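Notes follow once the structure below has been shown.
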Amino acid sequence: MLQGVGWFVRAVTRLSDWLAELSALAVVALTAMVTIGVVMRYGFNAALTWADEISSYCLLAIAVLGLAHTLNAGAHIRIDVYTVRVKGRPRQWLGLGCYAAGVVFAGLLLLGCWARFQNFWQRNTVSFTDLHTPLYLPALLLLLGAGAFLLLMLGRTVEHLALMWLPAHTLHRLRLPVRPETRP
């Protein structure tokens with residue numbers, strides 16, 4: 001079972017990297033649409049009616065699809081005023097509490113995204129623009145990003161527990177990284 005923890009975290013990390021690549025493609029698409037929209041509006045006096053809607057979906061993809069990757073890179077905002085002052089076992093317990101709070105947040109985020117997706121799907125809600133985009137499609141982006149974030153947060157929590165309690169030779173066999181919040 002413990003080998004499954006390492007495998008699970010690596011699999012979700014690969015998923016988060018893939019979603020981050022989709023997020024990067026959304027940045028390129030957003031930049032292209034804004035540039036084309038500006039050129040069309042000011043160069044040819046013709047606005048693109050669909051660009052604002054697609055740009056907002058790209059912005060959504062940029063923010064949500066990168067959640068898990070940002071966690072994996074250690075780039076989420078972290079207030080460590082108290083954690084740097086605590087050493088040893090209390091620091092490990094504090095780190096575990098932070099991961100537990102992250103799991104609760106990610107779970108609530110996923111539940112909210114699921115409720116929105118389900119509402120859009122059941123009512124067949126579409127956008128009010130010329131494209132009439134089914135709104136469950138952008139909600140699907142929310143589900144993907146929030147789901148990957150929750151999976152990685154769960155994996156990190158279990159990984160943190162393993163790092164707190166397992167001997168070093170077992171950790172080496174599992175190929176689990178030692179993170180700063182788990183060091184005694």
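Throughout, read-outs are computed from the coordinates displayed, never taken from laboratory work. Treat the numbers as computed from the prediction; the structure is a model and nothing was measured. Glycine gets a Cβ as well: all are built from the backbone with ideal geometry, and neighbour counts include every protein chain shown.
Give me LEU15, LEU25 ranked fewest to most by other Cβ atoms within 10 Å of their Cβ, as a rough exposure proxy.
Neighbour counts put them in this order, fewest first: LEU25, LEU15.
So what is the relative contact order of region 1-142, in percent, for Cα pairs below 8 Å that sit 6 or more residues apart?
Reported relative contact order: 24 percent.
By how many nm would the segment from LEU137 to ARG14 lengthen if fully extended, with 0.36 nm per residue of separation less the alpha-carbon distance?
Full-extension gain reported as 42.0 nm.
How much net charge surrounds LEU144 when only other residues with a Cβ under 15 Å from its Cβ are counted (Lys, Arg +1; Asp, Glu -1)?
Surrounding charge for LEU144 is 0.
Over the chain, with a Gaussian network built from C-alpha contacts below 10 Å, which listed residue (MET40, MET153, MET164) shows the highest mean-square fluctuation?
The residue with the greatest mean-square fluctuation here is MET40.
For the chain, list the DSSP H helices whose alpha carbon atoms reach 24 Å or more along the long axis and whose average Kyte-Doolittle value is 0.5 or above?
2-44, 136-165
From the gyration tensor of the Cα coordinates in region 2-182, what semi-axes in whole Å does the equivalent ellipsoid have, largest first, with each one equal to sqrt(5λ)?
Here the semi-axes work out to 40, 18, 15 Å.
Just rank ARG123, ARG156, fewest to most, by other beta-carbon atoms within 10 angstrom. Display every interim value, and only then the final one.
Details: ARG123 10, ARG156 22.
Fewest to most other Cβ atoms nearby, the residues stand as ARG123, ARG156.
With each label point set 7 Å from Cα along the Cα-Cβ vector, what nm distance links TYR82 and THR125?
3.7 nm
VAL126's amide H: which non-local residues (gap 5+, or another chain) put their own amide H closer than 5 Å, with H modeled 1.01 Å from N in plane and none for Pro or chain starts?
Placed amide hydrogens put LEU135 under 5 Å from VAL126.
Treat every Asp and Glu Cβ in the chain as -1 and every Lys and Arg Cβ as +1, leave all other atoms uncharged, and give the resulting dipole magnitude about the Cα centre to the nearest 20 debye.
940 debye
What is the fewest-to-most order of ILE36, ILE77 by other Cβ atoms lying within 10 Å of their Cβ?
Going from least to most buried by this count: ILE77, ILE36.
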